[in-house]
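The values are calculated or read from the model by the stated rules, or taken from the named source; none is laboratory data. Not measured: the values here are computed from a predicted model. Here the Cβ positions follow ideal geometry from the backbone for every residue, glycine too, while neighbour counts run over all protein chains shown. When the accessible area is computed, the model is the full protein with side chains, heavy atoms only, and any ligands, DNA or RNA have been set aside. Shrake-Rupley method; radii C 1.70, N 1.55, O 1.52, S 1.80 Å.
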Amino acid sequence: MDKVYNNKSVEERIYKNWEEKGYFNPRERFGNREKFSIILPPPNANAPLHFGHAMYVIEDILTRFNRMLGKKTLWLPGADHAGFETQFVYEKKLQEKGKSRFDYEREELYEMIMDYVQNNRKGMEDQLRRLGFSLDWEKKKFTLDEDIIKIVYKTFKWLYDDGLVYRQKRLVNYCTFDGTGFSDLEVLYEERKNPLYYIKYGPLVLATTRPETKFGDTAIAVNPDDKRYKKYIGKEIEIETVLGKAKIKVIADKMVDPEFGTGVVKITPAHDFNDFEAGQRHNLPMVQVINFDGKMNEKAGKFEGLYVRQARKAVVDEMQKKGLIDHIDENYVHRIGVCYKCKNPIEPLPMEQWFVKMEPLARKAMETVKNKDIRIYPENFNKLYLQFLEGIRDWNISRQIIWGIRIPAYKCENCGEWEVTEGEPREKCGKCSGKMVQDSDTFDTWFSSGQWPYATLKTTGGLEYYPTSVMETGYDILRWWVARMVMLGIYIQEKEGVKDIKKQIPFKDVVLHGLVNDPLGKKMSKSKGNVINPLELVDQYGADAVRFALVYGTALGNDQSLSYPKLEAMRKFTNKLWNMARFIEFQKNEKELKVAELSIQELRVLSKKHGEKDMWQSDRSMIEKTEKITAEITRLLNNYDFNHSAQNLYDFAWHEFADIYIEESKKSLNNNDDASRHTFDVLTSSFLILLKLLHPFMPFVTEEIYDLLYGGEEDLIISKWPSLE
RNA sequence: GGGCUCGUAGCUCAGUUGGUUAGAGCGUUGCAUUGACAUUGCAAAGGUCAGAAGUUCGACUCUUCUCGGGCCCACCA
């Protein structure tokens, strides 16, 4: 054995061996009684993995643990096309070359992005391998695989036929810079300082941050209890505007806060979510004055063609000239919705989109968690999950982008009738025989990834693993992804005729890990340039050290900062294990002893059989301690307590086994008598048990030591987990 | 405005259903050692567990409040 553990010469060879022998594939020989399964949250295929993805080590620990318990164990990998995210990244690349998405035909652009993504995927998969993840690569799936798309189509059709998908013209969060609409989750809110303009509307003054939308006003509103304005309610007042005289109706609505501004509000149903709802209540017309390109349209008169920001300035200038501005509060701070990607203001615009009716789906998804059919770890995330579903609104799944699954809906150019299919094209309208044209929009990525557990298992012939044992992911996508998987998973199973709720849910346990920040505690992001590639650290410290560092000293669900001292400490720990093995090897060679592989039960028997003369007290106590640590690690892993598992293993290995027991054993081994042979049996047997307990956490170094020291025919990865019975 | 989370040794963080002298890594200070250990071992210094009140035989751990970070949600024009 080398003097120092050299991870680089070991890891690649061992991983290849595991993969070639098919250990990652749950065949019959790995047990058939009980099943264990995890679906890897499919990383975005548009970029290499960042260090946070290494947290999936938790899934590998669970997978390896359960494999060693003798269960038929599946960990299924995949990748997500990440619709808008990917197109955004790709458009930036085009920009660098002086091009834009409009320079290409839809199909051409799609192919280009597909090439780009497929290239990235290879690198990403290599990263997962380097971390030692025991994924069943033969079953890897991509969200744009044809068989996956088929399932997504079918689900959409089901939802449509059940009235759970509908098309409606509503206000949509629209980014005029990226040219697409978003769901509510994709809008960020940022605090901005914008002037609050107090504008004269005839006899009234009202406050607004958006004077340029005034051309779309279809009413002004006051609070019904506001005595100041009672006399105006229901009346039409004449107002002076930048485009001349006009008349406008005054309505009463409780939405108006008399304390804010002057207690008078202009209602612009086409450009504000509140106003839209007020418009619905009062039957107000919708006048759209901003187009999808972010410019004012003909309704804005001479301001037509100006961008919103320009128009605001021009309108205010004009108003000031005409004396229509009462005053301006320049220090007004409020929160506005911005595009989560480009950070430009979101423009609420009226659009026809496909919406999923969420309430019926959400109700069941809440019940399953309340009834503990699905358990969420750590528990405090239950509240977050339920809170989200409680207040859920219908889900806009239309995206005006080309990278993704094109919506299988066709519209008749003649009569305007829509038809939803399961993917097969429609040429002629069923009603009027007019020409049918497919919706140019694609699905929100999460609509497809929300079906991931079912879709991946169905298409790989593994529905026997549904529901999966665990869904493990970052808490940041609990609402985006986990909640939607629960809703869609249950729905699909219902449609498939599955009755038992326990079989409808997509997974039994949800385990949520925290985020990994940079060493200064800042979130890693490409724009900050502080993204760390896990491979750098794997090279430097070894995969085992990186893995161990991520779970050691971190409470489940808590964020952590990358810590170089911790990584270094864990690298030393792998080296410590290595040297413990070297000590045993020296003893073995020098005294020509044979390593033993006694089980805990056999060790117990040994301990009972021999008296004080034949066996050292330190050996006896080691047997007890081994038994204890085995019980403890088994218990902790079953409770998803990786932190304590790691800490206990570290302390046991270093401070019990090495510091105390190995030192004691030296005294015995030097005697070269019967007792010393017993010592060697206990030493090697308990060390092997330790290796097994450590294997899920540090698979490479333990496997290598096992091969060198014990040289068995089997590999540690499929050895049996130490049992107490 | 609501919710979640954190505030523990100089630094980064644990603290496993409340239980004897509060832990780790790194750092600091001694001593020992090249003997399995590009070291490691032994030992030491260092904490009023943010603050206050309460529950309890007993609180870092439970409750309430205050202060101070972080995150998330919400339609303030």
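For beta carbons closer than 9 Å, sequence separation of 6+ or different chains, a first residue in segment A:507-536 that is free of Cβ contacts under 8 Å to residues at least 24 places away in the same chain and within 13 Å of RNA strand B (Cβ to nearest atom) and a second that is aliphatic (A, V, I, L, M) and open to solvent by 10 Å² or more (accessible area, probe 1.4 Å), the qualifying pairs are A:523/A:515; A:525/A:531.
Screening residue A:257 against (1) within 13 Å of RNA strand B (Cβ to nearest atom); (2) assigned to a strand (DSSP E or B); (3) of a type in the set (D, E, K, R) leaves a single unmet condition, (2). For segment A:403-435, filtering for residues that are within 21 Å of residue A:355 (Cβ to Cβ), in contact (Cβ under 8 Å) with a residue 24 or more places away in the chain and either of a type in the set (S, T, N, Q) or not in a strand (DSSP E or B) (or both) leaves 7.
Confirm whether residue A:343 is open to solvent by 60 Å² or more (accessible area, probe 1.4 Å) and away from RNA strand B (no atom under 14 Å from the Cβ). Walk me through it before giving the result.
Working: open to solvent by 60 Å² or more (accessible area, probe 1.4 Å): yes; away from RNA strand B (no atom under 14 Å from the Cβ): no.
No; evaluated as a whole, the condition is false for this residue.
Put simply, of A:308, A:338 the only residue that is β-branched (Val, Ile, Thr), surrounded by 15 or more Cβ atoms within 10 Å (Cβ to Cβ), away from RNA strand B (no atom under 12 Å from the Cβ) and farther than 30 Å from residue A:163 by Cβ is A:308.
Restricting attention to segment A:227-270, the residues that are crowded, with 16+ Cβ neighbours inside 10 Å and of a type in the set (Asp, Glu) add up to 1. Residue pairs whose Cβ atoms lie under 8 Å apart, separated by 6 or more positions or on different chains, with the first residue in segment A:553-570 and more than 16 Å from residue A:380 (Cβ to Cβ) and the second of a type in the set (D, E, K, R), are A:553/A:566; A:561/A:518; A:562/A:518; A:570/A:544.
If only one of A:274, A:283 is among the polar types (S, T, N, Q), within 16 Å of RNA strand B (Cβ to nearest atom) and over 30 Å from residue A:90 (Cβ atoms), which one is it?
Numbers: A:283 fails: within 16 Å of RNA strand B (Cβ to nearest atom).
Checking each option against the conditions leaves just A:274.
Just one of A:79, A:47 is in contact with a strand residue (DSSP E or B) (Cβ under 6 Å, 6 or more places away or on another chain) and surrounded by fewer than 24 Cβ atoms within 10 Å (Cβ to Cβ); which is it? Unique residue meeting the criteria: A:79. Of the residues making up segment A:384-402, those that are of a type in the set (S, T, N, Q), closer than 17 Å to residue A:172 by Cβ and not in a loop (DSSP other than H, G, I, E, B) are A:396, A:398. Confirm whether residue A:593 is more than 16 Å from RNA strand B (Cβ to nearest atom) and open to solvent by less than 90 Å² (accessible area, probe 1.4 Å). Spelling it out, it is not the case that residue A:593 is more than 16 Å from RNA strand B (Cβ to nearest atom) and open to solvent by less than 90 Å² (accessible area, probe 1.4 Å). Counted as qualifying within segment A:467-561 are the helices (runs of 4 or more DSSP H) with 1 or more residues that are open to solvent by less than 10 Å² (accessible area, probe 1.4 Å) and under 21 Å from residue A:633 (Cα atoms), namely A:543-551.
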